[in-house]
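Take a look at the structure set out below.
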């Protein structure tokens, strides 16, 4: 029989189970390492999902804020929150964002800082979060054994609006930009086509000028084109552009008249924001132009009948200043002739429009539903915009569901021409100071033009904003 002391001595000398303590230590270490792999990966995955939700929500908020006429900040936030709920349902993830997490404001590019402004349409910042404060922190699986129970993860996204420089000043066409000889283009001026740019010889492109198209093979020029067009090679860029103004204008119907003018006014309001139409303070006026057969006025809807030369005679009943004037031509052969200066007025019509001698538009906007190739035309002394050497204000816009054709010598000063069909202008565009010409088809200019960048005086340009993530 073994003595008790010997029994304890044998137990102490035994190596059975010697790895138990070490195994427990290694188990904890392995769980910690596994936890880092599993739980960190899960945290990164959840952070990615939060970031994507922030990005999508920010884009949606800014889009609704800018492209819905009646949407205020609260409406935009509501729409954005609905998208956020679709991406990360509260029932599963908890509340990852609220209306307070969506802020409108301005993005300062110089300092790369977001400046909150609840009334701004220019930028938005969205924060998403899964944290203890929201009682929806990301729980760990294996790191719990190391005493680490959850992750707090927060993300943010900032989007801003912008307008491509080519759409501020320059020639932009969906199909073709065709320019001829002896033209000079100065720093900042832009020529872009989503298909073909065609140039002839003896043009000058100053450093800082842009000539762009999607494909380098779509540049048409003489064999000696680079030699005879100074600066062209340096000006070339390649890329396509979605011309949102043209895409939206295509949605405006040319008939029936009532539907068309309503849709056109909605388009103009959508494309003119931040007080651009602040001069429209009076009630609208409806005018019907009848070829020599005026009818009595219907005072119930302020209908005034007039002859085709109503504007030519500058009849005081014709246009209401500081108002939207709807001019209806009773026949497709009718032509609205403008032979004097018009200012501080919006005209929406189905008429073909002709600027005669002395015709000019300042601080105003004219849009026609006419779909003809020359729905708006102008004589040699037509002037669009105030001739003020690029000073602020005084600009004017022409919009057409058809095309435009102007004789040599047209003067564009802080002016914008937008048409679904070809916009053509003849030689000697010397007076073009501040010009934005946008066509859903072709921009065709001839010779002896001097085109430079104003930078100012274009504040009333119609535009549909583009969006980009900046942070």
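Readers should treat all values here as calculations from the given coordinates under stated rules, not as data from a laboratory. Since the structure is predicted, the reported quantities are computational estimates derived from the model, not experimental observations. Every residue, glycine as well, gets a Cβ built from its backbone with ideal geometry; the counts of neighbours run over all protein chains shown.
Taking the beta-carbon count within 10 Å as an exposure proxy, list 90, 103 from fewest neighbours to most. List each step's numbers first, then the result.
Working: 90 12, 103 23.
Arranged by neighbour count, lowest to highest, 90, 103 become 90, 103.
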What is the spin-label model distance, in nm, from residue 163 to residue 82 if the labels are put 7 Å beyond Cα along the C-beta direction? 3.0
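Largest first and in whole Å, what are the equivalent-ellipsoid semi-axes of the stretch 96-227 based on the Cα gyration tensor, each being the root of 5 times an eigenvalue?
Numbers: eigenvalues 562, 71, 29 Å².
Equivalent ellipsoid semi-axes, largest first: 53, 19, 12 Å.
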Between the stretch 140-184 and the stretch 438-471, what is the separation of their alpha carbon centroids in Å? 21
Convex hull of the stretch 24-162 built on C-alpha atoms - directionally averaged projected area, nm²: 9.9
Restricting attention to the alpha-carbon atoms of the stretch 165-464, what are Rg (one decimal) and Dmax (integer), both in Å? 19.2, 67
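Could you list 399, 40, 252 in order of exposure, starting from the residue whose Cβ has the fewest other Cβ atoms within 10 Å?
On the way: 399 27, 40 13, 252 21.
Least crowded to most crowded, the residues run 40, 252, 399.
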Subtract the Cα-Cα distance of residue 195 and residue 237 from 0.36 nm times their separation in residues, and report this length gain in nm to one decimal. 13.8 nm
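How high is the FRET efficiency between residue 52 and residue 218 when r is their beta carbon distance and R₀ equals 35 Å, given to the nearest 0.05?
Numbers: r = 36 Å, r/R0 = 1.03.
So the FRET efficiency works out to roughly 0.45.
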If you stretched the chain out fully between residue 90 and residue 332, how much longer would it get, using 0.36 nm times the residue separation minus the C-alpha to C-alpha distance? 81.3 nm
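If each residue's Cβ is checked for other Cβ atoms within 10 Å, how do 166, 390 rank with the fewest at the top?
Numbers: 166 20, 390 16.
Taking fewest neighbouring Cβ atoms as first place, the list is 390, 166.
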